[in-house]
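Q: The following block contains the structure, expressed as structure tokens.
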Amino acid sequence: MFFFPERDSSSVFVKTKTKLGYYGLRDRDYLLDTEIERIRKKYPNYFILNYYCFENYLYHPDNIEELNISAFDKKEYIEEIIKQKNEVKYHIFQFIRTPERIIKNSKLSKRIFMINIMKMIL
């Protein structure tokens, strides 16, 4: 298996769609479950991560737990993440802007986009 860099998820999609034998992998970003389901049915060689971005897997408590670090306390780690998120979530809301590119690519309305963002943060 070979990995080829692309500039964005659209480029990955086009290459996967047009080149037989190619597989694509992309971040979930702001895709809705219904969009992902539709894409997976039509393009089984195009894979979409379950999380917003790849980096989310690096800090996921289940993945850290698998490292068997003796001092790691999963419950404490989760509580700390929630605490830190809650300390800044309302501050973050004031900086959220609806990227027109995302709205255009996923066919979301601005209202639905903001509701999805707030659900993710809350």
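The values are calculated or read from the model by the stated rules, or taken from the named source; none is laboratory data. All values derive from a computational prediction rather than experimental measurement. With ideal geometry, Cβ positions are generated from the backbone for all residues, glycine too; neighbour counts draw on all protein chains shown.
Q: Considering every residue within region 91-110, establish whether at least one is exposed (fewer than 11 other Cβ atoms within 10 Å of the Cβ), modelled with pLDDT of 90 or more and at negative phi.
A: No, the conditions are met nowhere in region 91-110.
Q: Could you check region 1-28 and list, in sequence order, the residues that are under 16 Å from residue 52 (Cα atoms), surrounded by fewer than 16 Cβ atoms within 10 Å (Cβ to Cβ) and modelled with pLDDT under 90?
A: 8, 10
Q: Sticking with this structure for a sec: Going through region 42-75 one residue at a time, which ones are surrounded by 11 or more Cβ atoms within 10 Å (Cβ to Cβ) and more than 20 Å from the chain's Cα centre (by Cα)?
A: Within region 42-75, 65, 72, 73, 74 meet the criteria.
Q: Of a type outside the set (Lys, Arg), modelled with pLDDT of 85 or more and either surrounded by fewer than 13 Cβ atoms within 10 Å (Cβ to Cβ) or not in a helix (DSSP H, G or I) (or both): does that describe residue 78? Working first, answer last.
A: Numbers: of a type outside the set (Lys, Arg): yes; modelled with pLDDT of 85 or more: yes; either surrounded by fewer than 13 Cβ atoms within 10 Å (Cβ to Cβ) or not in a helix (DSSP H, G or I) (or both): yes.
It is true that residue 78 is of a type outside the set (Lys, Arg), modelled with pLDDT of 85 or more and either surrounded by fewer than 13 Cβ atoms within 10 Å (Cβ to Cβ) or not in a helix (DSSP H, G or I) (or both).
Q: Output the residues belonging to region 29-39 that are of a type outside the set (A, V, I, L, M, F, W, C) and surrounded by 13 or more Cβ atoms within 10 Å (Cβ to Cβ). Working first, answer last.
A: Initially, region 29-39 is screened for residues of a type outside the set (A, V, I, L, M, F, W, C), giving 29-30, 33-35, 37-38.
Once the filter is applied, which keeps residues that are of a type outside the set (A, V, I, L, M, F, W, C) and surrounded by 13 or more Cβ atoms within 10 Å (Cβ to Cβ), region 29-39 yields 29, 30, 35.
Q: Report yes if residue 33 is modelled with pLDDT of 90 or more and in the same structural domain as residue 9 (by TED's automatic domain parsing), otherwise no. Walk me through it before giving the result.
A: Values: modelled with pLDDT of 90 or more: no; in the same structural domain as residue 9 (by TED's automatic domain parsing): yes.
For residue 33, the condition - modelled with pLDDT of 90 or more and in the same structural domain as residue 9 (by TED's automatic domain parsing) - is not met.
Q: Any idea which residue in region 54-69 is nearest to residue 30 (Cα to Cα), counting only those that are at pLDDT 90 or above and assigned to a loop (DSSP other than H, G, I, E, B)?
A: Let us first name the residues in region 54-69 that are at pLDDT 90 or above, namely 60-69.
Within this subset, residues satisfying the condition of being assigned to a loop (DSSP other than H, G, I, E, B) are 60, 66-69.
Values: 60: 19, 66: 28, 67: 30, 68: 32, 69: 33 Å.
Going through the qualifying residues, I end up with 60.
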